[in-house]
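Have a look at this one.
Coordinate-derived values only; no laboratory data. As the structure is a computational prediction, the values presented were derived from the model and not from experiment. When we count neighbours, we look across all protein chains shown, and the Cβ atoms used for this are built from the backbone with ideal geometry, even at glycine.
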């Protein structure tokens with residue numbers, strides 16, 4: 001199974017296009033379309049292959065709960081297909097860039113998380129990683145990691 005793994009640092013070009021690392025492009029191209037579905041969550045952008053997006057969207061549509069209509073509206077309503085161009089870039093729509101505080105010619109970090117990759121404004125990610133480091137010092141987090149054998 002192809003999967004998104006690893007971290008890459010990039011800069012958006014003046015037109016808001018992002019170069020997708022070759023190891024991520026190979027995962028995308030293994031699918032039915034050379035395209036990713038990009039949505040917003042947690043102050044970042046989440047990018048899925050079209051197959052993974054279909055699976056995720058089906059689960060989200062079937063999910064029941066008090067807040068699910070609002071959650072679906074937020075996630076599905078903001079999702080946009082971003083095809084790869086011949087240079088292996090995607091054009092990130094302005095509304096998604098604004099949400100994630102990503103600016104043309106700004107630094108971004110891509111993080112592979114197996115079924116998706118996230119696109120973060122680099123300074124915002126540093127703050128997020130600092131918070132995670134703090135969390136990992138708690139007994140509760142350490143217990144959860146020990147249950148996984150880490």
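As a test of the formula, what do you get for the chain when each DSSP H run with n ≥ 4 contributes -39,500 (n - 2.57) and the sum is divided by the residue count, at 222 nm and rounded to the nearest 500 deg cm²/dmol? Could the numbers behind the result be given before it?
Values: 6 runs with 61 residues, N = 150.
When only DSSP H runs of four or more count, the value is -12000 deg cm²/dmol.
At residue 101 and residue 86, where each label point lies 7 Å from the Cα along Cα→Cβ, what is the point-to-point distance in nanometres?
About 3.8 nm, to one decimal.
As a test of the definition: which semi-axes, in Å, follow for segment 29-99 when you take the square root of five times each eigenvalue of its alpha carbon gyration tensor? Largest first, please.
Working: eigenvalues 109, 50, 10 Å².
One finds semi-axes of 23, 16, 7 Å for segment 29-99.
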